[in-house]
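Every number in this text was worked out from the coordinates using simple rules, so none of it is lab data. Since we're looking at a predicted model, the values are computed, not measured. Don't worry about glycine lacking a Cβ; one is built from the backbone with ideal geometry, like all the others, and counts go over all protein chains shown.
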Amino acid sequence: MRYVILRDDDTNALTPVECLERLYRPFLERGLPVNLATIPNVSTTVTRPDGSPEGYLVAVREPTEPTLPIGANRELVDYLLENAGFHIAQHGFQHDYFEFDRDDVAEVESRLEWGTRLLLMAGFPRPRTFVAPYDKFSRTSLAAAAQRFSVISAGWYELRRLPVFWWPNYLRKKLTGARHWRVGQRVLLSHPGCLLSMHRSRENMFSEVKRAVQSQPLTVLVTHWWEYFPRLEPDPDFIEKLHRTARYLAEDPEIKVISFADLARLNLPLN
Ligand SMILES: [Zn+2]
């Protein structure tokens, strides 16, 4: 059996329900869980180093508060709670640029804890999975996240950004070529880059996804809802690539799509 976890990043208080509905109804109808890495208190002014607004800000239609808690969008929260196939992971706190690439312990802990509190206040269950904005952790923030979450989903791990007492486990992972690893009860997941992305070739997208899924026992597929809606208009060709992936994942009897929560609960082999 091969396991797949679908992770869609950047759901926030500005995300239109129609976007998630359009993308994920085919997954929900087939009983495939969708993990939304959700920003608890989204920054509405964040820019990339080149000065351009962050991609998810496509959803800003009028001037708004500098930050918005997820609970401010009741329609979205209710929609997510009504559809049991959506699972909420915590995606940073405000999604400031490289938000968790910092070493101030108090600042890191406050962002982690306020983020969780805002998700709980909105009515979501306590998040057990953490995704750092830009998949970027400092040693301090990785240790603090691992104290509070069962599952960390990131792109890859670098020795110099790991707590020193994790090094033996990390070296074992490196030596065995394992993609995912554990420290105590914590699961640390890697992913093969954003294969379902506007930056990838449309032509090869589906075959790349298939190859990733076939090449390992557990694959985390990462995507971003807003990439399918440039200027908030749907991109039907790109959306079809995602839906083709849904059909493939549902129809192959050797593949099971699971949530991050399933992974923590079922104690599945990682590699
Ligand atoms: Zn993000």
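Annotations for the structure displayed:
- Percentage relative contact order, the stretch 2-266, counting C-alpha pairs under 8 Å, at least six apart: 25
- Modelled spin labels at Asn271 and Asp50, positioned 7 Å past Cα toward Cβ, are 3.6 nm from each other.
- Kyte-Doolittle mean at least -0.5, axial Cα span of 18 Å or more - DSSP H helices of the chain: 105-122
- Other residues whose C-beta falls under 13 angstrom from the C-beta of Arg128 contribute a net charge of +3, scoring Lys and Arg +1 and Asp and Glu -1.
- Residue among Lys210, Lys136, Lys174 with the largest mean-square fluctuation in a Gaussian network model of the chain, springs linking Cα atoms under 10 Å: Lys174
- Annotation: for a label point projected 7 angstrom from Cα along Cα→Cβ of Asp103, residues of the stretch 125-150 with backbone N closer than 12 Å are 138-141.
- DSSP beta bridges confined to the chain are antiparallel in about 20 percent of cases.
- For peptides 153-159, 201-207, 260-266, 40-46, sequence by mean Cβ density within 10 Å, most packed first: 40-46, 260-266, 153-159, 201-207
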